[in-house]
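The values are calculated or read from the model by the stated rules, or taken from the named source; none is laboratory data. The model shown is predicted, which means the values in this text are computed figures rather than measured ones. A quick note on method: Cβ atoms are made from the backbone with ideal geometry, for glycine too, and the neighbour counts reach across all protein chains shown.
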Amino acid sequence: MRTHPSDADPSRVAADKSATGGGEPRRYEIRVRGPIGPTIMQAFPALTASRSGRDTLLTGLIPDQSALYGVIHELEALGLQLLDVQACGEGGTTDYIA
């Protein structure tokens, strides 16, 4: 289990309006261990899957933080190992989440 980095890290998403769903949906990249087949992908209709080495990268718009937690919960329920979550900002920049 990883510890949370300090609040001084400017790349972290603050728990403010932008992180809690107060605005428009955000594009996320979610990396999971191993391949994900078409049957399991039915659990994530808003996301697309692509292979990234041995892992799978799920990408798509997620409306708010609650929906993001729902995706993470579903990954866990399906026994998939979550490796990384990144929020993609304006102009292709990425905010580190997990």
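Looking at GLU29, GLU24, which one is modelled with pLDDT of 95 or more and either part of a loop (DSSP other than H, G, I, E, B) or charged (D, E, K, R) (or both)?
GLU29 is the lone residue from the list that is modelled with pLDDT of 95 or more and either part of a loop (DSSP other than H, G, I, E, B) or charged (D, E, K, R) (or both).
Evaluate the range 74-83: report whether one residue or more is touching a strand residue (DSSP E or B) at 6+ places or on another chain (Cβ under 8 Å), closer than 11 Å to GLU29 by Cα and either at pLDDT 95 or above or not small (Gly, Ala, Ser) (or both).
yes
Please specify each residue of the range 32-42 satisfying the condition of being among the aliphatic types (A, V, I, L, M) and not in a loop (DSSP other than H, G, I, E, B).
Within the range 32-42, VAL32, ILE40, MET41 meet the criteria.
Six or more apart or on different chains, Cβ atoms under 8 Å: show the pairs whose first residue is in the range 25-44 and closer than 18 Å to ALA67 by Cβ and whose second is of a type in the set (Gly, Ala, Ser) and part of a loop (DSSP other than H, G, I, E, B).
These pairs meet every condition: ARG26/GLY89.
Looking at the range 47-93, which of the residues that are surrounded by 15 or more Cβ atoms within 10 Å (Cβ to Cβ) and in a loop (DSSP other than H, G, I, E, B) is farthest from the chain's Cα centre (by Cα)?
LEU80
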